[in-house]
1. If each residue's Cβ is checked for other Cβ atoms within 10 Å, how do W23, W116 rank with the fewest at the top?
2. Just how large is the dipole of segment 108-157 about the Cα centre, in debye to the nearest 20, putting +1 at every Lys and Arg Cβ and -1 at every Asp and Glu Cβ?
3. Pick out which of N43, N75, N156 has the largest mean-square fluctuation in a Gaussian network model of the chain, springs linking Cα atoms closer than 10 Å.
4. Output ³J(HN,Hα) for segment 48-58: one whole-Hz value per residue in order, computed from phi by the Karplus curve 6.51 cos²θ - 1.76 cosθ + 1.60 with θ = phi - 60°, and x for Gly and Pro.
5. Read phi for every residue in segment 121-131 and hand back ³J(HN,Hα) as whole Hz from Karplus 6.51 cos²θ - 1.76 cosθ + 1.60, θ = phi - 60°, with x for Gly and Pro.
6. Answer rounded, prolate or oblate for the chain, using the Cα gyration tensor with square roots of eigenvalues a ≥ b ≥ c: rounded when a/c is under 1.5, else prolate when a/b is larger than b/c, else oblate.
7. Can you compute the charge dipole magnitude of the chain about its Cα centre, using +1 on each Lys and Arg Cβ and -1 on each Asp and Glu Cβ, nothing else charged? Give it in debye, rounded to the nearest 20.
8. Amide H neighbours of I73 under 5 Å, at least 5 residues apart or on other chains, H built in the peptide plane: list them.
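Please treat every number below as a calculation from the coordinates, not as lab data. These numbers were taken from a predicted model, which means no experiment stands behind them. No Cβ is skipped: glycine too gets one built from the backbone with ideal geometry, and neighbour counts run over all protein chains shown.
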Amino acid sequence: MLATCLWTASVNGQPRDPRIGEWREDRTANSVGLYNVFEDLGNGMIRYHIAYNLSPQNRLYLDFRCDGSFYPIRNTQGVATDFSESCTIIGAHTVKLKGVRNQDEGFTGPRLDGYWLDGEGTGTLSDDGTHYRTVVRQKAADGKVIRTIERTFTRNAELCFSSSEQQFRECYQGTSPPRH
């Protein structure tokens, strides 16, 4: 039994990403109400569904390992965009985050809007694993910090994520808390 627990906690020597699950952005006056899903694909691969609450044609995702390497964010058709992210697990409750825009002039794929800037920060889970806070410092091309973005999320125990758009919408709308 212990061997099984140790194996599931670490694949290929890599700790399990503590963010696996569904996260609803806490509703504040400044939040946009993101619904993010970290789906365990097995063998250390994770699919990060970014803003899954958007209409299907506007959704983005990232298939990655939390190993410090950069992986491209993809649009709903699976085409790599001009933005990539990386993460590194640095503790049981902390993940180091980085994002970079592809500066290659020959890049012909889809480009994300100007909100997506190079940056780095941390994601921290509460001790009980029910809350997740990200703080990311976005930077200009010269490396100067332009803005710091802080978002807080609560783990969604209702598990709304579904391949059925109707089932997802019904669950999402039925569990959406009011703004604070």
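1. On the way: W23 23, W116 18.
Ranking W23, W116 by Cβ neighbours within 10 Å, fewest first, gives W116, W23.
2. Details: 8 positive and 7 negative charges, 28 e Å.
Once rounded to the nearest 20, the dipole reads 140 debye.
3. Of N43, N75, N156, the Gaussian network model singles out N43 as fluctuating most.
4. My calculation for segment 48-58 gives 9, 7, 8, 6, 4, 7, 6, 4, x, 6, 9 Hz in order.
5. Result, ordered by residue: x, 9, x, 10, 9, 5, 4, 8, x, 9, 10 Hz.
6. Details: a/c = 1.35, a/b = 1.12, b/c = 1.21.
Rounded, because the longest to shortest axis ratio a/c is under 1.5.
7. On the way: 21 positive and 22 negative charges, 64 e Å.
The dipole of the chain has a size of about 300 debye.
8. Result for I73 returns T81, F83, S84, E85.
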